[in-house]
Structure formats: C-alpha cells, structure tokens
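Down below is the structure, laid out as structure tokens.
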Amino acid sequence: MSVQNYINGQYETPSSNEWLDNFCPATGEVYGKIPNSSKVDVENAYIAAKSAFPSWSQTTLEERSRILIKISELLEANLQRFAEAESKDNGKPVLLAKEVDIPRAASNFRFFGNAITQFASESHESVGHDALNFTLRQPIGVVGCISPWNLPLYLFTWKIAPAIAAGNCVVAKPSEVTPMTAYLLGEICTEAGLPKGVLNIVHGLGTTTGQAIIEHPDIKAISFTGGTATGAHIAKVAAPMFKKLSLELGGKNPNIIFADCDYDTMLKTTVRSSFANQGQICLCGSRIFVERSIYEKFKTDFVQKVKALKVGHPSESSTNIGALVSKPHLEKVLDYIEIAKQENGTILCGGNKVSVKDFENGYYLEPTVIEVITDECRVNQEEIFGPVVTIMPFDTEDDVLQMANKVKYGLSATLWTNDLKRTMRMSNQLQAGIVWVNTWMMRDLRTPFGGVKASGVGREGGFEALRFFTEAKNVCIKY
Ligand code: NAD
C-alpha cells in the first residue's frame, strides 16, 4: 500500500515522484512505498497552511474544540484498523497499539480539544499607576511538527493536536520508517470537517523533507521529537531564523530500586518499563540500579521473568515482544550487545536474534539483561533504544544518585521506595524532567513533559504545549 502526502485536504503524490520502500518489521518484506517529498512539496504544504491560517485562527474555540473531539471519536471508531496498521508498520504487538498507542492518539485530540476552552491568560493591575496589563495568547502561524518512529501516531498527534487547538496551521512530517497511521489520519481529519490546509502531512526522509521544513523561513516554530543528534542539528539550523523550538530528545533513564519497596509491584513494573514496545520508548528504564541487600534476589527473579517473555509475530495475542522497527536498528542494538561483552559485561539472558517460524526475515531480538561492572561503560552511558537493560548493585543513596546523574541525558527517572523523605530528597536531586515513584509511565496529559541536558529543551503537555504553540503579547492600558 502506497502512502501519499495530505496537502490542502487532498491526498497527492510527491512532485519529486521519488519513492522509498516501506518495510514490515515482522516479516522483513517491503509492503508499500513512501513519498520522499522535496522542497516543492513542503512549499505546497506551507502555502496551503498559510492560506488556511486567517480563517482557522479566527474560528471560535467551541468550533475548534468540536472538530478535535470529532477526530478523537473517529479514531476510536477506527481503532482496530489503526492498531493493525501501526503494528504492521512498526513491529509492535497489535494489542499494545490497540490498548495504548491509538487510544492515546485519540486522547490527545480530545484532551487538547477540551484544554483550549480552559486556556486562560494572565492579567495584572498595576496598582498606583492606573493601568491594567493583560496578555493575549496568539497562535504563531504556520508551525512544523516532526516525530519519530517508536510511538508513531501517539507522538505525531501529541504535537498536532495542541498546535491546531491553539489556532495554528501545521506542516507535519512523521518518521519515514512508520508513515502509515499518519497517512490514514488525513482521511479522518477530512471526515471530521477539519478545514483544508489546517493540517498538511508530508512524508519523506529527514535529510530531504524534514530539512526542508526546518529550513523554511516562514515556518516559525518547530516541535520535534527524536534523537539528540537530530535535535542539535535542528537547533543549529533554526537559530539564525529565531524559530521557536521544542525539542524532545533521547534518554538513558535510571530505574532505582531500594530494598524497602513493594517488591512484587516493582518487579512486574520493571519488566514492563524495561521491555514495553521492545524497549523502544524514550522513557524506558534502561539502567537498573538495585540496593545491594536485594540485588541477588532481584537478579534471579528478574531474569526468570524476562526469560518467560514471548518474542513473536506482533499479531499473535500471546506475543509480549514484537519486532524491532528496522534492520539497521536491529543491527545497532546487536552491536551494543557485542560492545557490552567487550566491556566485560555479563549477558544474564537474551543477546541473540530470534527466528520466528514463518517470519524468519523479521527483526526479532531476545529481551536482554546485561550485568555491568561499572556505570561508566558505554552500554550504560549511550542510548541503545532496544530490548536491552543493564543492571548493577549500589550501596548508598549518594552513590546511586551520582551514578543516575552521571550521563549526558536527563529525561526520566524511576524510583522504588516507601521512604517519603528519601523520595523527596531524590526527586529534588535527580537530573530528569520526569520522576516516577513506585510506578512507571503513568501519564496525566495535564502535566509538563520533557527532558533536561541532552534530553531536550522545553516542555510539552497540558498548558505547556498551548503556551509553546502561542505567542504571549502583553497589552498595557493606562486608564
Ligand atoms: P531521528 O532523530 O532519527 O528522527 C526523528 C524525526 O526527525 C524523523 O521524522 C526524521 O525523519 C526526522 N529528521 C531526521 N533528520 C532530520 C533533519 N535533518 N531535519 C529535520 N528532520 C529530520 O529519531 P528516531 O530514530 O526516529 O527516533 C528515536 C529517537 O527518538 C530516540 O533517541 C528516542 O529517545 C527519541 N524519542 C524521544 C522522545 C521524547 O519524548 N523525549 C520520545 C520518543 C522518542
């Protein structure tokens, strides 16, 4: 099935007539073509967005909200179809797409459809000066949204929904590795009555299509989720044009386990936080630090549970671990397993490709646990972004805090303890944008989301996203 661009409410073939192969990770087969859109296509998308902006930015909040909620309802009505498409494109289990990814994409539209009606701006009376200041929150104009392959529709809509709710028009590019559900979204938007040109979706490589978006002088803001190196490149290109940027980047998140935690809940959640979505979630806890008194017990129990995970075809309901997203990504993860061995890490389980019957060319890998002898080794410092975790013991709170913070990233951290004072001390000192205590990936869409250090700049989520997608203009009236 071939994907097309969605520009001005119509599906279009790319002007370049250049196409990329779309691979199914579960089988390794090419099952469709993706446009590699050129500057001309991005310009067409921009022109459509620019023409739609005056009317969309003046559309009442009730009407914008109604359309966003309609998109949400249509996504829910098409749940099975979208879940299957997401799974085929990405390799994730269909059940996961059905229970998490697609419902979350629908929630993104519903949430921001409601949030925009509650988005208040501030006012300040300048007492003694007979003046009143108030703030207008105006849409920026045409904005760019660029998203990665790991949570394709979930993250694509996490940007688009607040952008259009706030009255902007959008030129958006999903990952070239997983374009399918973004492609299908165009049809849903048309059916929901989203005016032509408010959302334009262009497909293609980062270096061609993505580059054309970030270089466009009149696309005034870019919301980007993806790798740290790409984020740094975007910041460099955008700086001379003073574009507004939100960068949600890589992570190498610590999962810190103290002996006083609720052990069974911790163990179950740690399996999920390590391997959900084949470990390809920026928030996965890829570095596990365990208090020494329970280290040996944890090691035995954890490895036993990980060995029981079933690697299989994503459409099998018994599958826990589907396929990795692409062959190059599988090879990158395998390289890291070799690096771990060279660094004297011990592979406690996993480490090998899996041959799934009838799908021998799929990109399957065993969930892998590596015991490391130092937190400074490469597998403990660099983002692997696959079903691979490291484990090591620690002795004191100070030691683990130091190790947790001694990476270039700072996206999320998970803490397992029932000590309230320790919770507060650690939460204050962990270098991360998000700290979960006694849980993982419990998301409330009202909360700020983002990272520190090489994990990004800016916050999305709730009113933070609406702030990003608007310009604040203060008006001071002397009366
Ligand atoms: P990537 O940086 O390779 O690509 C992300 C997107 O950027 C894709 O759409 C790609 O085509 C585009 N792109 C690439 N080069 C570009 C350029 N020069 N100009 C404009 N766009 C360009 O990342 P990926 O491999 O798709 O995703 C994995 C990464 O995403 C991991 O590092 C992961 O941690 C990160 N991630 C972060 C979060 C978060 O919220 N912080 C969430 C999910 C994934």
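The values are calculated or read from the model by the stated rules, or taken from the named source; none is laboratory data. Given the structure is predicted, the values throughout are model-derived calculations rather than measurements. All Cβ positions, glycine included, derive from the backbone under ideal geometry; neighbour counts span all protein chains shown.
So, in the stretch 232-256, exactly how many residues are part of a helix (DSSP H, G or I) and either assigned by TED's automatic domain parsing to the domain that holds Thr423 or near the ligand (Cβ under 7 Å from one of its atoms) (or both)?
2
Please enumerate the residues belonging to the stretch 136-161 that are assigned to a helix (DSSP H, G or I) and either away from the ligand (no atom under 14 Å from the Cβ) or not assigned by TED's automatic domain parsing to the domain that holds Phe119 (or both).
Ala161
The conditions are (1) surrounded by fewer than 21 Cβ atoms within 10 Å (Cβ to Cβ); (2) touching a Leu at 6+ places or on another chain (Cβ under 6 Å), and Arg81 fails exactly one of them. Which is it?
Condition (2) is where Arg81 drops out.
Could we say that Ala131 is among the small types (Gly, Ala, Ser), surrounded by fewer than 22 Cβ atoms within 10 Å (Cβ to Cβ), assigned by TED's automatic domain parsing to the domain that holds Ile47 and at pLDDT 95 or above here?
Values: among the small types (Gly, Ala, Ser): yes; surrounded by fewer than 22 Cβ atoms within 10 Å (Cβ to Cβ): yes; assigned by TED's automatic domain parsing to the domain that holds Ile47: yes; at pLDDT 95 or above: yes.
Judged against the criteria, Ala131 is a match.
Being away from the ligand (no atom under 16 Å from the Cβ) and either at positive phi or surrounded by 24 or more Cβ atoms within 10 Å (Cβ to Cβ) (or both) narrows it down to one of Gly204, Gly193, so name that one.
On inspection, the qualifying residue turns out to be Gly193.
Is there any pair with a first residue in the stretch 239-262 that is farther than 20 Å from Ala404 by Cα and a second that is surrounded by fewer than 22 Cβ atoms within 10 Å (Cβ to Cβ) and polar (S, T, N, Q) whose Cβ atoms are under 8 Å apart and which are 6 or more apart or on different chains, and what are they?
These pairs meet every condition: Asp262/Asn418; Asp262/Asn438.
For the stretch 259-266, does any single residue satisfy the condition of being within 16 Å of the ligand (Cβ to nearest atom) and in contact with a strand residue (DSSP E or B) (Cβ under 8 Å, 6 or more places away or on another chain)?
No.
Across the stretch 411-460, which residue is nearest to Glu291 (Cα to Cα) among those that are among the polar types (S, T, N, Q), out of contact with any Ser or Thr (no Cβ under 8 Å at 6 or more places or on another chain) and more than 16 Å from the ligand (Cβ to nearest atom)?
Residue satisfying both the conditions and the ranking: Asn418.
Return yes or no: is Phe275 in contact with a Pro (Cβ under 9 Å, 6 or more places away or on another chain), crowded, with 21+ Cβ neighbours inside 10 Å and in a strand (DSSP E or B)?
Spelling it out, it is not the case that Phe275 is in contact with a Pro (Cβ under 9 Å, 6 or more places away or on another chain), crowded, with 21+ Cβ neighbours inside 10 Å and in a strand (DSSP E or B).
Of the residues that make up the stretch 68-88, is at least one within 25 Å of Leu205 (Cβ to Cβ) and either aromatic (Phe, Trp, Tyr) or touching a Cys at 6+ places or on another chain (Cβ under 9 Å) (or both)?
Yes - at least one qualifying residue is present in the stretch 68-88.
Conditions: (1) assigned to a helix (DSSP H, G or I); (2) within 15 Å of the ligand (Cβ to nearest atom). Gly186 meets all but one. Number of the miss?
(2)
Looking at the structure I just gave you, is Gly362 assigned by TED's automatic domain parsing to the domain that holds Leu330, away from the ligand (no atom under 16 Å from the Cβ), in a loop (DSSP other than H, G, I, E, B) and buried (at least 20 other Cβ atoms within 10 Å of the Cβ)?
So Gly362 passes the test.
Yes or no, residue by residue, for (1) touching a strand residue (DSSP E or B) at 6+ places or on another chain (Cβ under 6 Å); (2) in contact (Cβ under 8 Å) with a residue 60 or more places away in the chain:
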| site | (1), (2) |
| --- | --- |
| Leu411 | no, yes |
| Leu420 | no, no |
| Gln429 | no, no |
| Leu445 | no, yes |
| Phe449 | yes, yes |
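Quickly run through the stretch 162-176 and pick out the residues that are buried (at least 24 other Cβ atoms within 10 Å of the Cβ) and either within 13 Å of the ligand (Cβ to nearest atom) or closer than 24 Å to Ile321 by Cβ (or both).
Val171, Ala172, Lys173, Pro174, Ser175 - these are the residues of the stretch 162-176 that are buried (at least 24 other Cβ atoms within 10 Å of the Cβ) and either within 13 Å of the ligand (Cβ to nearest atom) or closer than 24 Å to Ile321 by Cβ (or both).
Select from the stretch 434-478 the residues that are assigned to a loop (DSSP other than H, G, I, E, B), of a type in the set (Phe, Trp, Tyr) and outside the structural domain of Arg110 (by TED's automatic domain parsing) and list them in ascending order.
Listed by number, the list holds a single entry, Trp440.
Enumerate the helices (runs of 4 or more DSSP H) found wholly within the stretch 4-116, keeping only those where 2 or more residues are over 29 Å from Phe468 (Cβ atoms) and not assigned by TED's automatic domain parsing to the domain that holds Tyr363. Quick ask: steps written out before the conclusion?
Numbers: elements: 39-57, 61-77, 79-90.
By residue number, 79-90.
Step by step: first the residues of the stretch 330-379, then only those that are among the basic types (Lys, Arg) and within 22 Å of Lys299 (Cα to Cα), then the one that is nearest to the chain's Cα centre (by Cα). Which residue is that?
So the first thing to find is which residues in the stretch 330-379 are among the basic types (Lys, Arg), and the list is 332, 341, 353, 357, 378.
If we keep only those that are within 22 Å of Lys299 (Cα to Cα) as well, we get 341, 378.
Numbers: Lys341: 30, Arg378: 24 Å.
Among those that are among the basic types (Lys, Arg) and within 22 Å of Lys299 (Cα to Cα), it is Arg378.
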